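Following: one structure in structure tokens, then a few remarks.
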Amino acid sequence: MSKDDELQKAILNNIPDQAWLKDKDSRYILVNDAFCVACRLPESEILHKTPAEVWPPEWGNEYIETDRRVMQQGERLRYEEQRYAEDGTLRWYDTIKTPIRNEQGEVIGTTGISREITDKKKAEQELLASRSQLRELSAYLQSVREEERTRISRELHDELGQSLTAIRIGLGVIEKRHALQDEEWRSDVESLKKIADSTVESVQRIAADLRPFILDELGLLAAIEWLLESFSERSAVTYELKLPSPPLDFSREVNTAIFRILQESLTNVSRHSQATFVMVELQQQSDSVNLKITDNGKGMDASTRARRKSLGLLGMRERAFMLGGNLTIHSTPDAGTTIEVRIPRSSAITTGE
């Protein structure tokens, strides 16, 4: 090896990326150590050979074709490629090939460098997936908002409207009967009182569905007890509740997040799980506050969960994530489902213990 070759080799070996020089027939005339590692061959088995003799045929033929394009066009070529590593994982590389010219300007070979960009590609793919999920979540939230508005409008029109109309008509009848000293007016008054009571209950129920006053007035623990009692009455699913002692003082945001996550979880239980029992645990650890919801339903496997693209679960995860926490799901067919939410103690607690 000449001194020029030794200098070139020393320079190439200081490059962490794969680097090489080829002649006009695509034979390797110089490679660095990183290239040898990628090929899984010693330098002696690479030099003076073409890519088709060094790499698997489908890769080698592609490399020869790109060499030919660079030499024919006389211009630099940059592209991304995929290769399988020794452990079988798919890796991404950013490859640049440049023509080599002699003093007369003739292309006599190529030089190239290939940098691994697997982590960058994964980050890009995760970002795209995240954007897609955010779009789906946004659409889901819009749909839920419209459904909620429709439901409230219908209930206000049907239940409250009819009740108030009945009260108005009844009052007119009572007014006439009382003027005529009709003895049935007291019965009519009692009937109107019942309608009024029913109307008040409807207003309270609609308001509680939107945001239960108990959550703001008495706090999260009382709201959880109320939610589970109401859920059990409607669904006939029994439950057990374990709360921390002494009770903790949470911020309003954390109260809302935990309550809504539990509410969504119970909705999933009633709609999908066919469970007969639910265990809810709220615990405090040294560094976190944890909510755990376990049912004895039919469970589900990961592939089913992925096909459903459960936006309800995505919304629950987002609530936890926005508080610096996380949500995990453990579920297998016929073995129930467990949802665990972890929120950092620094985000959850607002006052001293």
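The values are calculated or read from the model by the stated rules, or taken from the named source; none is laboratory data. Treat the numbers as computed from the prediction; the structure is a model and nothing was measured. All Cβ positions, even for glycine, are placed from backbone atoms using ideal geometry, and neighbour counts span all protein chains on display. Only protein heavy atoms, including side chains, enter the accessible area calculation; ligands, DNA and RNA are left aside. Shrake-Rupley method; radii C 1.70, N 1.55, O 1.52, S 1.80 Å.
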Can you say whether residue 216 is within 30 Å of residue 245 (Cα to Cα), open to solvent by 60 Å² or more (accessible area, probe 1.4 Å) and at pLDDT 75 or above, as far as the supplied structure shows? yes
Under the condition of being touching a strand residue (DSSP E or B) at 6+ places or on another chain (Cβ under 8 Å) and more than 18 Å from residue 318 (Cβ to Cβ), which residue from the stretch 243-272 is most open to solvent (accessible area, probe 1.4 Å)? 249
Does any residue of the stretch 284-304 turn out to be at pLDDT 85 or above and farther than 28 Å from residue 141 by Cα? yes
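Right, residue 64: at pLDDT below 90 and of a type outside the set (S, T, N, Q) or not? Working first, answer last.
Numbers: at pLDDT below 90: no; of a type outside the set (S, T, N, Q): yes.
No.
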Out of 134, 128, 171, which single residue is in a helix (DSSP H, G or I), modelled with pLDDT of 70 or more, open to solvent by 60 Å² or more (accessible area, probe 1.4 Å) and over 30 Å from residue 312 (Cβ atoms)? 171
Which number in (1) at pLDDT below 85; (2) farther than 21 Å from residue 347 by Cα; (3) crowded, with 17+ Cβ neighbours inside 10 Å marks the one condition that residue 275 misses? (1)
Within the stretch 330-342, the residues that are modelled with pLDDT under 90 and open to solvent by less than 50 Å² (accessible area, probe 1.4 Å) are 331, 336
Please name all residue pairs, on different chains or six or more residues apart, with Cβ atoms under 6 Å, provided the first residue is in the stretch 105-130 and is in contact (Cβ under 8 Å) with a residue 24 or more places away in the chain and the second residue is hydroxyl-bearing (Ser, Thr, Tyr) and not in a helix (DSSP H, G or I). 111/98; 114/93; 114/95; 116/93
May I ask you to list the residues in the stretch 224-242 that are open to solvent by 80 Å² or more (accessible area, probe 1.4 Å) and out of contact with any strand residue (DSSP E or B) (no Cβ under 7 Å at 6 or more places or on another chain)? 226, 229, 233, 234, 236
